[in-house]
1. Take the residues in region 52-65 that are touching a helix residue (DSSP H, G or I) at 6+ places or on another chain (Cβ under 9 Å) and more than 13 Å from residue 75 (Cα to Cα), then tell me which one is surrounded by the most Cβ atoms within 10 Å (Cβ to Cβ).
2. Looking at region 126-139 only, could you name the residues that are assigned to a helix (DSSP H, G or I), buried (at least 16 other Cβ atoms within 10 Å of the Cβ) and either within 20 Å of the chain's Cα centre (by Cα) or touching a residue at least 60 places away in the same chain (Cβ under 8 Å) (or both)?
3. Name the one entry in 53, 119, 63 that is free of Cβ contacts under 8 Å to residues at least 40 places away in the same chain, at negative phi and within 14 Å of the chain's Cα centre (by Cα).
4. Of the conditions (1) farther than 20 Å from residue 86 by Cα; (2) at pLDDT 80 or above, residue 23 clears all except one; give me its number.
5. List the residue pairs whose Cβ atoms are under 7 Å apart, where the first residue sits in region 140-153 and is outside any helix (DSSP H, G or I), the second is surrounded by fewer than 18 Cβ atoms within 10 Å (Cβ to Cβ), and the two are 6 or more positions apart or on different chains.
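The values are calculated or read from the model by the stated rules, or taken from the named source; none is laboratory data. Given the structure is predicted, the values throughout are model-derived calculations rather than measurements. Note that each Cβ is placed from the backbone with ideal geometry, even for glycine, and that neighbours are counted across all protein chains shown.
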């Protein structure tokens with residue numbers, strides 16, 4: 001005979017919080033599972049804010065069920081790191097740029113691309129015109145950025161490798177203002 005407890009009268013958020021605590025007590029949760037439980041329970045303001053900002057930019061943070069569709073972000077750690085690195089406003093701006101540039105292409109929101117984009121935006125954000133960025137990079141496929149970033153062995157920093165590719169592609173378009181190399185990672 002197995003003893004069990006039945007809880008009734010709980011809200012969805014309370015149930016998610018209880019599920020998080022019970023699962024965490026019996027086994028180690030993956031970052032996605034843990035973040036999903038925190039997001040669903042509403043008990044973590046930061047996770048809720050990240051999800052809200054991504055939603056404002058048209059993206060869904062796929063923490064539970066992943067389908068690999070457009071506007072679906074799976075890279076949990078990269079999203080959290082980008083939020084900490086950039087802060088609210090720049091984080092929202094980054095996702096709006098990703099939306100406007102690549103229209104929710106799943107490859108554009110993979111972990112390394114997000115990390116590189118966050119570093120690029122942190123470095124050049126003040127002098128970057130969003131319309132010019134979208135115009136210059138929308139003709140470049142995210143696969144090209146991923147492929148070029150993987151081939152760069154000049155640094156161990158994945159974010160820097162992808163940020164350098166984004167800078168190179170931004171500057172490769174004829175005419176207009178070029179950005180000088182200013183990464184100090």
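1. 53
2. Selection gives 133, 134, 137.
3. 63
4. Condition (2) is where residue 23 drops out.
5. 140/169
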